[in-house]
Amino acid sequence: MAEQAEAVVRPKLSSRNDPNPFKTSTTIEYTLDQGAEVTNTVFNIIGNQVAVLQKEYLSAGTQALKWDAADLAAGVYFYRIQAGDLSETRKMRLSK
């Protein structure tokens with residue numbers, strides 16, 4: 001009798017922002033496959049934190065939040081989503 005290997009299901013996090021590039025605001029959408037404490041932070045091109053958009057426990061599913069960057073200079077920014085042990089960083093471009 002052959003032993004069956006147990007499937008290992010690894011949690012995942014996927015995200016995107018739209019529009020990108022954007023003029024004043026963009027919507028960051030992401031999907032959690034399980035509930036987690038989520039922190040969504042924005043950094044400028046040199047790594048300085050410019051905003052903490054979210055810090056709360058969220059249930060599994062698709063989430064969306066709008067970032068208004070009208071008072072920031074044009075350029076490249078990065079958002080980092082941390083959800084439990086998972087982290088994802090994506091680039092976005094603000095054009096004026």
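Overview of results
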{"quantity": "Mean separation of Cα contacts under 8 Å (6+ apart) over length of the chain, as relative contact order %", "calculated": "32"}
{"quantity": "Spin-label pair residue 16/residue 74, simplified geometry with 7 Å Cα→Cβ offset, distance in nm", "calculated": "2.5"}
{"quantity": "The chain - convex hull of the alpha-carbon atoms, volume per residue in Å³", "calculated": "112"}
{"quantity": "Partner lysines for residue 12 [C-alpha distance under 26 Å; skip if fewer than 8 residues away on the same chain]", "calculated": "55, 66, 91"}
{"quantity": "Summed side-chain charge close to residue 16 - residues other than residue 16 whose Cβ falls under 12 Å, Lys, Arg +1, Asp, Glu -1", "calculated": "-1"}
{"quantity": "Cβ-Cβ FRET estimate between residue 60 and residue 93, R0 fixed at 22 Å, reported to 0.05", "calculated": "0.15"}
{"quantity": "Unit charges on C-beta of K, R, D, E only; dipole of segment 12-96, Debye", "calculated": "380"}
{"quantity": "Cut-off of 10 Å, at most 14 other beta carbons, DSSP loop: longest stretch of the chain lacking such GluC sites (Glu not before Pro)", "calculated": "7-96"}
{"quantity": "Fewest-first ranking of 62, 41, using other Cβ atoms within 10 Å as the exposure measure", "calculated": "62, 41"}
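Read-outs throughout are calculated quantities, based only on the coordinates presented, and are distinct from any laboratory measurement. These figures come from a predicted structure and were not determined experimentally. Here the Cβ is made from the backbone with ideal geometry for all residues, glycine too, and neighbour counts use every protein chain on show.
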